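Participant: A single structure is presented below for examination.
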Amino acid sequence: MSGYFYLTTPIYYVNAEAHIGHTYTTVLCDTIVRYRRLCGDTCFFLTGSDEHGEKVLEVARRRGESPAQTAEYFSNSFLRVWEEIGISHDRFIRTTDADHKQVVQQILQRVYDEGEIRFKEYEGLYCVGCERFLTDRDMLDGLCRDHERAPEPRTEANYFFDMGAHFSWLRDYIEQNPDFIRPERYKNEVLAMLDEETGLGGELCISRPKSRLDWGIELPFDTDYVCYVWFDALINYLTGIGYPDGPHFQDYWSNCEHVVGKDILKPHGVFWPTMLRAIGLEPPRHVSVHGYWNVDDRKVSKSLGNMIDPLIMREKYGFEAFRYFLLRDMVFGQDSNFSEDALVRRINADLANNIGNLVSRTLNMTGRFAGGLVPEPGAIEIPEREVIDAAATAVAEVDLRMRGMRPQRALESILALVDATNRYLELREPWKAAKDPELADTVSTTLHTCCESLRIVALLLAAFLPVAAAEILDRLGLGDALETAVLPASAEWGGIPVGSPTRKGKPLFPRIETAGAEDAESKDGAD
RNA sequence: GGCGGUGUAGCUCAGUCGGUUAGAGCGGCGGCUUCAUAAGCCGUAGGUCGGUGGUUCAAGUCCACUCACCGCUACCA
């Protein structure tokens, strides 16, 4: 059943360059979307940059340029990285895009007209150094932590969105749609937030006076103010697909899923659904929340310099290997740890030893024992049956797990098929059988089974490792398979044509020798 | 303080409605094998399922308490 599918990453804030966290989110979404495209869905994949706000001003000041220049610089930086690593987004949206400004203003006006935005004066402690109001946490002994000076009481008027008006609806909605926010632990956190927010009045400040911050989208109903943060940022999800009357807006919106990091759960779990409610739109199908990457067991931070540049990973290991690690080693929703050690272990174990090596041995033997052409299969016996079953299981599990946002489990399913095929090869021992002319039929069957299994492995892997999967198919003589494939039908057993010309090629994922292993080897080689 | 999460073999994790001898992958160890990227296959390692006390014919799996770590309560994926 094909249909529409719309997936978003958060838009990344333009005060830093892409690191492992941004890369993970983006790669994950790319993988999910590629999978759904393979399933025949009409997909729209949106990513982009969040460019307004105070922090951009700060960075711009530091860099001695205008906020627009800073935003431009970092936005391009993200875009360039995504292009370098082959992200297949359909649009890279910027909150400074003209259509986005228009949509934000249109929505603000509408919510304002409906009386859900209030103008309110409040008093707080303002630090002149910070140019903002301080919270208790910003202060130590009544002084601003950063400037060590006493903040002054000051009043300011701002616009507030009355999101609390929708809390009881939202609570019900979440309870009636238990997989709206997933994994479950984050659903529980949102429910807890709703209770806390009720106590705070459920108001969301959505403006800043221009006198204090003018880098933003002007409020349509008060030109002394700009829109602040969430109305600006979240609405990108609507602008991206042509709100309100783009040709496929409804098709995409009703099949929308967001992927976010756990740090922005609240805006996506609380602010956003209430905003959508205020303008009469359904919530997205899912908000899928992932955890953080630590690096070498420490938090990612600028000061530690452990941000992990995806382009450097590409240079050192090949981007798909890094991409594979990210998808394979994070249990969705939980925090995970990255280390080059773990990366190398994973590359060697899964990519080199299992997948890559199965490709090598299969194609090598097809070359040697079958003249390089996929041979005609003979009788299907129990060992073949087991591989065929493993393939069917993998296809079904991958689908279930991808839709359930569990890419790491989907990869396990694919690896199970690879394992089954490696085991099968040991059982049939075509390298021995090939010496006995009477077993020619068995050899043909064996190699056919392995080639076919590889074809299915490649199809399933295509969303995760687009380049490598295409290469496997190409070596099987199926260079254009991905262009026409539709899952699950294309992954049914028996799709590989007999006589398809194969090519062994170089190791797909070269094994990475660690320093320790090299030492051991040079010692061995010395005598 | 409140709320939530996590704690299962050396490492990373599975364990659905409580039920036969608690699982997988990786690593380690032993063996087989040579088609293959010194890859693969087979076998194995015996973990008080954080702790204590309960409920039950039966608990990793439910309840209470407790310890450790983490998160949220604060606009950085």
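Participant: Relative to the first principal axis of the alpha-carbon coordinates of chain A, what is the inclination of helix A:167-176, with its axis defined by its Cα atoms, in degrees from 0 to 90 and to the nearest 10?
Facilitator: Between the helix axis and the principal axis of chain A, the angle is about 20 degrees.
Participant: In addition: Measure nothing but the geometry: give the 0 to 90° angle between the long axis through the Cα atoms of A:54-63 and the longest principal axis through the Cα atoms of chain A, rounded to 10°.
Facilitator: Roughly 80 degrees, rounded to the nearest 10.
Participant: Let me ask another. As a footprinting exposure proxy, order A:Leu7, A:Leu363 by other Cβ within 10 Å, with the fewest listed first. Write down the numbers at each step before the final one.
Facilitator: Working: A:Leu7 27, A:Leu363 23.
Arranged by neighbour count, lowest to highest, A:Leu7, A:Leu363 become A:Leu363, A:Leu7.
Participant: Once you order the gyration tensor axes a ≥ b ≥ c over the Cα atoms, which shape class does the stretch A:151-278 get: rounded for a/c under 1.5, otherwise prolate or oblate by comparing a/b with b/c? Kindly include the intermediate steps, with their values, before the conclusion.
Facilitator: Details: a/c = 2.18, a/b = 1.26, b/c = 1.72.
It comes out oblate by the Cα gyration axes.
Participant: Angle between the Cα long axis of helix A:20-38 and the longest principal axis of chain A, 0 to 90 degrees, nearest 10?
Facilitator: In chain A, helix A:20-38 runs at an angle near 60 degrees to the longest axis.
Participant: Just flag the trypsin sites (Lys or Arg not before Pro) in the stretch A:292-342 sitting in loop per DSSP whose Cβ has no more than 16 other Cβ atoms within 10 Å. Mind dumping the intermediate values first?
Facilitator: Working: sites: A:Arg298, A:Lys299, A:Lys302, A:Arg314, A:Lys316, A:Arg323, A:Arg328; in loops: A:Lys302.
Qualifying residues, ordered by number: A:Lys302.
Participant: Only loop residues by DSSP count here, and only those with at most 15 other Cβ atoms within 10 Å; note down the trypsin sites (Lys or Arg not before Pro) in the stretch A:145-188 that meet that. Don't skip to the end; give the middle numbers.
Facilitator: Working: sites: A:Arg145, A:Arg149, A:Arg154, A:Arg171, A:Arg185, A:Lys187; in loops: A:Arg145, A:Arg149.
Listed in order of number, the matching sites are A:Arg145, A:Arg149.
Participant: Oh, and also: Relative to the Cα centre, what is the charge dipole magnitude of chain A, using +1 at the beta carbon of each Lys and Arg, -1 at the beta carbon of each Asp and Glu, and rounding to the nearest 20 debye? Display every interim value, and only then the final one.
Facilitator: Numbers: 57 positive and 83 negative charges, 144 e Å.
The calculated dipole for chain A is roughly 700 debye.
Participant: I've got another one for you. From the mean inverse distance of alpha carbon pairs (Kirkwood) and the Cα radius of gyration, derive Rg over Rh for the stretch A:40-98.
Facilitator: Values: Rg = 13.6 Å, Rh = 12.6 Å.
Value, to two decimals: 1.08.
Participant: Another question about this same structure. Identify, among A:His248, A:Phe221, A:Gly280, the residue whose Cα sits farthest towards the positive end of the charge dipole of the stretch A:192-286, taking +1 on the Cβ of Lys and Arg and -1 on the Cβ of Asp and Glu, with the dipole about the Cα centre.
Facilitator: A:His248
Participant: Another question, then. Would you mind checking the stretch A:247-270 for residues with the amide N under 14 Å from a putative spin-label position 7 Å along Cα→C-beta of A:Arg185?
Facilitator: Flagged as within label range: A:262-263.
Participant: Place a +1 charge on the Cβ of each Lys and Arg in the stretch A:257-337 and a -1 charge on the Cβ of each Asp and Glu, then give the dipole magnitude about the Cα centre in debye, rounded to the nearest 20.
Facilitator: Dipole magnitude for the stretch A:257-337 comes out near 160 debye.
Participant: Hey, another quick one. Please report, in whole Å³, the volume per residue of the convex hull around the C-alpha atoms of the stretch A:277-389.
Facilitator: Values: hull volume 27.3 nm³, N = 113.
So the per-residue hull volume is 242 Å³.
Participant: Further question on the same structure: Give the lysines reachable from A:Lys435 as a straight Cα distance under 23 Å; neighbours fewer than 8 places away on the same chain don't count.
Facilitator: Output for A:Lys435: A:Lys504.
Participant: What whole number of Å gives the distance from the Cα centroid of the stretch A:273-319 to the Cα centroid of the stretch A:414-480?
Facilitator: Distance between centres, Cα-based: 36 Å.
Participant: Would you calculate, for chain A, the mean residue ellipticity at 222 nm contributed by helices, counting each DSSP H stretch of 4 or more residues as -39,500 (n - 2.57) and dividing by all residues, to the nearest 500? Before the final figure, lay out each step's value.
Facilitator: On the way: 21 runs with 247 residues, N = 527.
Result for chain A: -14500 deg cm²/dmol, rounded to the nearest 500.
Participant: Pull out the extension gain between A:Leu311 and A:Ile380, defined as 0.36 nm times the separation in residues minus the alpha carbon to alpha carbon distance; nm, one decimal. Don't skip to the answer; put the middle values down first.
Facilitator: Values: separation 69, 0.36 × 69 = 24.84 nm, distance 4.65 nm.
Contour length minus the Cα-Cα distance gives 20.2 nm.
Participant: Name the GluC sites (Glu not before Pro) in the stretch A:1-66 that are in a loop by DSSP and that have at most 16 other C-beta atoms within 10 Å, would you?
Facilitator: Loop-located and lightly packed - A:Glu65.
Participant: Over 19 Å between C-alpha atoms is what I'm after, so list which of A:Lys210/A:Lys302; A:Lys262/A:Lys299; A:Lys101/A:Lys210; A:Lys55/A:Lys210 land there.
Facilitator: Values: A:Lys210/A:Lys302 30 Å; A:Lys262/A:Lys299 14 Å; A:Lys101/A:Lys210 16 Å; A:Lys55/A:Lys210 15 Å.
Cα-Cα > 19 Å for A:Lys210/A:Lys302; rest within.
Participant: Label A:Lys120 and A:Arg403 with points 7 Å out from Cα along Cα→Cβ: what is the distance between them in nm?
Facilitator: 4.3 nm
Participant: Fewest to most neighbouring Cβ within 10 Å: what's the order for A:Arg455, A:Arg118? Intermediate values should be presented prior to the final figure.
Facilitator: Working: A:Arg455 27, A:Arg118 12.
Neighbour counts put them in this order, fewest first: A:Arg118, A:Arg455.
Participant: Hey, another quick one. Could you tell me which of A:Ile235, A:Val295, A:Val190 has its Cα farthest along the dipole of the stretch A:178-323 towards the positive end, charges placed at Cβ (Lys, Arg +1; Asp, Glu -1), taken about the Cα centre?
Facilitator: A:Val295
Participant: Right, something else. Which distance in Å, rounded to a whole number, links the C-alpha centroids of the stretch A:224-249 and the stretch A:14-66?
Facilitator: When both Cα centres are located, 16 Å separates them.
Participant: Just the Cα atoms of the stretch A:348-493, one point each, no solvent: what log10 I(q)/I(0) does Debye give at q = 0.09, 0.16 Å⁻¹?
Facilitator: -0.25, -0.81
Participant: Further question: For chain A, what is the convex hull (Cα atoms) projected area averaged across all directions, in square nanometres? Intermediate results must be reported in sequence, preceding the final value.
Facilitator: Numbers: hull surface 118.2 nm².
The Cα convex hull of chain A, projected and averaged over all directions, gives 29.6 nm².
Participant: Still on this model: How large is the Kirkwood hydrodynamic radius of the stretch A:1-114, counting all unique pairs of alpha carbons, in Å?
Facilitator: Values: mean 1/r = 0.0646 Å⁻¹.
Taking the inverse mean of 1/r over all distinct Cα pairs, the stretch A:1-114 comes out at 15.5 Å.
Participant: Which distance in nm do the two modelled labels at A:Thr42 and A:Ala157 give, with both placed 7 Å along the Cα-to-Cβ direction?
Facilitator: The answer from the label model is 4.8 nm.
The numbers here are math on the coordinates, done by the rules we state, and not lab data. Predicted, not measured: the structure shown is a model, and the values here were computed from it. Here the Cβ is made from the backbone with ideal geometry for all residues, glycine too, and neighbour counts use every protein chain on show.
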